[in-house]
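What follows is a short report on a single structure.
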Amino acid sequence: MSDAEALSVNRRAAELTAALNRDAAILNLGIDRGPLGETLIDAGAKRRGGIDAGLRIAEICMGGLGAVRLIPDNATPRWPWTIAVASSQPVIACLGSQYAGWSLTHGTGKDAIFALGSGPARALAQKEPVFKDIDYRDEADVAALVIESGRPPPPEIVEKVTRDCGVKPSALTVIYAPTQSLAGATQVVARVLEVALHKAHELKFPLRCIVDGMGAAPLSPPHPDFVTAMGRTNDAIIYGGRVQLYVTGPAEDARALAEALPSRASRDFGAPFAEIFKRFKGDFYAIDPMLFSPAEVIVTAIESGQTFHAGAVHHKLLDASFA
């Protein structure tokens with residue numbers, strides 16, 4: 001297998017979606033063909049889904065370039081079950097695939113449909129500026145897209161996705177699950193490493209210098225209310241997430257990155273995310289973007305052997321959110 005084939009996030013994800021199809025009954029998933037021939041996987045809307053499904057979906061989101069596991073962890077003793085993520089290709093896995101950065105809309109007014117697409121299909125569509133920054137493009141003839149939603153995308157969005165990705169509808173797999181579901185919450189918390197990569201990008205740290213990484217965050221309990229569920233998944237990372245990055249370059253750059261990354265540096269830090277969201281009257285983009293980062297960060301400068309720590313887990317805020 002060539003390097004290009006090995007790093008094709010869509011080809012690698014195709015192997016994982018095939019396993020998802022095979023194990024659908026075990027994982028409580030619904031598998032259907034959409035009106036255009038696309039494969040639709042319901043992981044938490046009409047079907048129950050589950051945590052195991054969420055772990056697998058998270059690995060699909062990372063284009064098969066990351067490992068996602070559920071482990072016990074005493075760093076958050078009241079919420080011991082933790083999502084652990086690791087990747088030896090963190091920039092491509094997180095920013096080139098997992099990041100929910102593709103805005104997909106159809107219609108207007110009360111009938112409008114809005115979704116943020118994540119997963120390997122983004123690397124085919126190339127609709128976001130980040131792909132120029134990371135210099136990555138996939139050229140597979142299959143595509144996988146993940147959306148946080150309680151319903152499948154309409155044909156109009158499927159048409160847009162397949163057109164932009166340059167694949168046939170029959171080659172597209174769309175996985176959907178609402179944030180309120182077990183699978184939905186799991187795959188969102190599994191973005192703890194991606195959140196750190198995204199903030200490093202916002203801080204203008206050279207992404208080529210981030211060569212390995214891992215992260216962990218407590219699995220948030222689900223909630224039937226969307227805002228509460230969304231708040232809990234964000235709080236798992238903002239107040240309970242821990243990330244270690246391995247970087248090349250000067251040790252002082254690694255120190256500066258460690259000090260700037262933790263969520264405590266944000267002006268909006270200090271309350272459960274659902275409260276912050278309501279304070280800004282539901283305007284997600286009015287919230288300080290620097291809030292979206294792990295609670296605790298370790299950055300190792302591999303050429304000097306020096307390691308820098310910053311931030312801390314905030315147990316009281318986790319309890320206020322999860323309880």
Selection count, segment 1-59, where residues are touching a Pro at 6+ places or on another chain (Cβ under 9 Å), over 24 Å from residue 189 (Cβ atoms) and charged (D, E, K, R): 3
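This table checks each residue for (1) crowded, with 19+ Cβ neighbours inside 10 Å; (2) polar (S, T, N, Q).
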position: 37; (1), (2): no, no
position: 68; (1), (2): yes, no
position: 108; (1), (2): no, yes
position: 120; (1), (2): yes, no
Condition broken by residue 305, with the remaining ones in (1) touching a residue at least 40 places away in the same chain (Cβ under 8 Å); (2) within 23 Å of residue 211 (Cβ to Cβ) satisfied: (1)
Single residue of 132, 127, 160 found to be surrounded by fewer than 22 Cβ atoms within 10 Å (Cβ to Cβ), free of Cβ contacts under 8 Å to residues at least 12 places away in the same chain and either of a type in the set (Lys, Arg) or assigned to a helix (DSSP H, G or I) (or both): 132
Residue list for segment 104-124, restricted to those being under 18 Å from the mean Cα position of the chain (by Cα), part of a strand (DSSP E or B) and in contact (Cβ under 8 Å) with a residue 24 or more places away in the chain: 104, 115, 116, 117, 118
Leading residue by the ranking (most open to solvent (accessible area, probe 1.4 Å)) among those in segment 83-106 that are over 18 Å from residue 247 (Cβ atoms) and among the β-branched types (Val, Ile, Thr): 105
Pair list, Cβ under 6 Å, 6 or more apart: segment 176-204 residue of a type in the set (D, E, K, R), other residue open to solvent by less than 10 Å² (accessible area, probe 1.4 Å): 194/94; 194/98; 199/261; 199/293
Residue match in segment 285-303 (condition: open to solvent by 70 Å² or more (accessible area, probe 1.4 Å), among the hydroxyl-bearing types (Ser, Thr, Tyr) and within 23 Å of residue 226 (Cβ to Cβ)): yes
Filtered residue count, segment 121-135, keeping only those that are under 16 Å from residue 13 (Cα atoms) and not basic (Lys, Arg): 4
Qualifying positions in segment 234-277 - among the charged types (D, E, K, R) and out of contact with any helix residue (DSSP H, G or I) (no Cβ under 7 Å at 6 or more places or on another chain): 242, 252, 253, 255, 259, 264, 267, 275
Matching residues, segment 248-271, being over 17 Å from residue 195 (Cβ atoms) and either free of Cβ contacts under 8 Å to residues at least 40 places away in the same chain or touching a Leu at 6+ places or on another chain (Cβ under 9 Å) (or both): 252, 254, 256, 267, 270, 271
Filtered residues of segment 70-82 (kept if over 20 Å from residue 181 (Cα atoms), open to solvent by 50 Å² or more (accessible area, probe 1.4 Å) and not in a strand (DSSP E or B)): 74, 77, 78
Unmet requirement for residue 64, which otherwise passes all of (1) surrounded by fewer than 21 Cβ atoms within 10 Å (Cβ to Cβ); (2) out of contact with any strand residue (DSSP E or B) (no Cβ under 8 Å at 6 or more places or on another chain): (1)
Qualifying positions in segment 235-267 - under 24 Å from residue 185 (Cβ atoms) and either open to solvent by 30 Å² or more (accessible area, probe 1.4 Å) or of a type in the set (Asp, Glu) (or both): 235, 242, 244, 264
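The values are calculated or read from the model by the stated rules, or taken from the named source; none is laboratory data. The shown structure was predicted, so the numbers you read here are calculated from the model rather than taken from an experiment. No Cβ is skipped: glycine too gets one built from the backbone with ideal geometry, and neighbour counts run over all protein chains shown. These accessible areas exclude ligands, DNA and RNA; they are computed on the full protein's heavy atoms, side chains included. Shrake-Rupley method; radii C 1.70, N 1.55, O 1.52, S 1.80 Å.
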